[in-house]
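One structure is given here, and the rest of the page talks about it.
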Amino acid sequence: MYIYNVTVNIENSVHDEWLLWIKTHIPKVLATGKFEKATLTKVLVEEEMGGETYSIQYRTYSREALDAYYREDADTLRQEGLKKFADKMLSFRTELQIVDEYSVTFT
């Protein structure tokens with residue numbers, strides 16, 4: 001399993017507009033069929049630069065699906081956010097591979 005993580009710092013002046021937008025953007029990414037699940041999280045550490053920081057984690061079962069997303073969908077979908085918020089947000093992407101998962105079982 002792989003996680004395609006997008007971390008975004010958004011200026012307070014457009015925070016509410018961005019949050020509404022990202023909640024419509026995530027389903028578009030999922031609609032590509034390359035990911036099975038997405039999680040939107042707020043980073044609770046305050047950044048020196050200000051603004052609010054979020055992490056969007058898209059999960060996929062295969063490297064091939066992630067590579068296909070880059071080839072077929074990423075540029076188009078990224079442009080939407082850049083057109084609306086280019087000078088108001090800073091983002092970076094990280095790829096993660098899940099090595100193992102654990103959970104607590106209550107009896």
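The values are calculated or read from the model by the stated rules, or taken from the named source; none is laboratory data. Keep in mind that this is a model prediction, so the values were computed, not measured. Using ideal geometry, Cβ is built from the backbone for each residue, glycine included, and neighbour counts are taken over all protein chains shown. The area values use the complete protein model at the heavy-atom level, side chains included, leaving out ligands, DNA and RNA. Shrake-Rupley method; radii C 1.70, N 1.55, O 1.52, S 1.80 Å.
Remark: pairs (first residue in the range 31-45, in contact (Cβ under 8 Å) with a residue 60 or more places away in the chain; second residue not hydroxyl-bearing (Ser, Thr, Tyr); Cβ separation under 7 Å; 6+ apart in sequence or on different chains) are absent. The residues of the range 48-98 that are in a loop (DSSP other than H, G, I, E, B) and either under 14 Å from residue 4 (Cβ atoms) or modelled with pLDDT of 95 or more (or both), listed by number, are 61, 62, 98. Of all residue pairs spaced 6 or more apart or on separate chains, those with beta-carbon atoms under 6 Å, a first member in the range 10-25 that is buried (at least 16 other Cβ atoms within 10 Å of the Cβ) and a second member that is of a type in the set (Lys, Arg) and assigned to a helix (DSSP H, G or I) are 11/88; 14/88. Residues of the range 46-78 that are closer than 15 Å to residue 8 by Cα and either of a type in the set (Asp, Glu) or more than 14 Å from the chain's Cα centre (by Cα) (or both): 46, 47, 48, 49, 50, 51, 52.
Residue 32 passes all but one of (1) open to solvent by 60 Å² or more (accessible area, probe 1.4 Å); (2) part of a loop (DSSP other than H, G, I, E, B); which number fails? Result: residue 32 passes all but (1). Here the condition is being out of contact with any Phe, Trp or Tyr (no Cβ under 9 Å at 6 or more places or on another chain) and over 15 Å from residue 77 (Cβ atoms); of 17, 48, it holds for 48 alone. The residues of the range 1-29 that are among the aliphatic types (A, V, I, L, M) and part of a strand (DSSP E or B), listed by number, are 3, 6, 8, 10.
For first residues located in the range 59-72 and open to solvent by 20 Å² or more (accessible area, probe 1.4 Å), partners that are at pLDDT below 95 and lie 6+ apart or on another chain with Cβ distances below 8 Å form the pairs 59/1; 61/1.
If we scan the range 36-45, do we find a residue that is at pLDDT 95 or above and of a type in the set (Gly, Ala, Ser)? So far as the range 36-45 goes, yes, one or more of its residues are at pLDDT 95 or above and of a type in the set (Gly, Ala, Ser).
Close Cβ contacts (under 6 Å, 6 or more residues apart or on different chains) running from residues in the range 93-107 that are on the phi > 0 side of the Ramachandran plot to residues that are open to solvent by 100 Å² or more (accessible area, probe 1.4 Å) are absent. Would the range 100-107 turn up any residue that is loosely packed, with under 10 Cβ neighbours inside 10 Å and of a type in the set (Gly, Ala, Ser)? Yes, that holds for at least one residue.
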